[in-house]
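A short worksheet on the structure shown next.
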Amino acid sequence: MMIVESMIRNELSDGMKRNYFYRLTKDKISLSIGADEMEVQSYGIEIERQDVVNGSIVNIEREAVKSISPHRHKVHNLLKMLCDSCVSPVHLIDILGEYIDEYIVDFDEALKEISAY
């Protein structure tokens, strides 16, 4: 997995600083067409939150979805939405669930394109 883009957001709450890191990741996923396996480029999202008190990290939470779509622009738009809304790693799956379900067909389309060559 490779990080191809990062967004950072900082929030202050009750004397605690929360640093949010929103990362667009890139990887490959193996998919089957009949008896053949093909590798398709895949983009995902990782969110990390660091809780900082008096300059020391007291807690780290991280969650990721490895494969959302083979289309970078779609995943980038989701990443921006998550960052703008200051979504916590705990809520990543809840927020992205419907998008992941919708974007799954992108992998079928990518396989069709690859197999046409």
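The values are calculated or read from the model by the stated rules, or taken from the named source; none is laboratory data. Quick caveat, the model's predicted, so the values are computed rather than measured. With ideal geometry, Cβ positions are generated from the backbone for all residues, glycine too; neighbour counts draw on all protein chains shown. For the accessible areas, the whole protein counts, side chains as well, though only heavy atoms, and no ligand, DNA or RNA atoms are used. Shrake-Rupley method; radii C 1.70, N 1.55, O 1.52, S 1.80 Å.
Taking region 38-59 as the range and being closer than 30 Å to E109 by Cα and either open to solvent by 60 Å² or more (accessible area, probe 1.4 Å) or touching a residue at least 60 places away in the same chain (Cβ under 8 Å) (or both) as the test, the residues that pass are M38, E39, V40, Q41, S42. Could we say that D84 is loosely packed, with under 15 Cβ neighbours inside 10 Å and modelled with pLDDT of 95 or more here? Yes.
Scanning region 15-39 for residues that are touching a Leu at 6+ places or on another chain (Cβ under 7 Å) and β-branched (V, I, T) gives a single hit, I33. Note on region 43-97: residues that are farther than 13 Å from M7 by Cα, touching a Leu at 6+ places or on another chain (Cβ under 9 Å) and among the charged types (D, E, K, R) amount to 2. If you check I33, I93, I57, I8 for being in contact with a Lys or Arg (Cβ under 9 Å, 6 or more places away or on another chain) and aliphatic (A, V, I, L, M), only one passes: I33. The numbered conditions (1) modelled with pLDDT of 95 or more; (2) assigned to a helix (DSSP H, G or I); (3) within 22 Å of K26 (Cβ to Cβ) are all true for I100 except (1).
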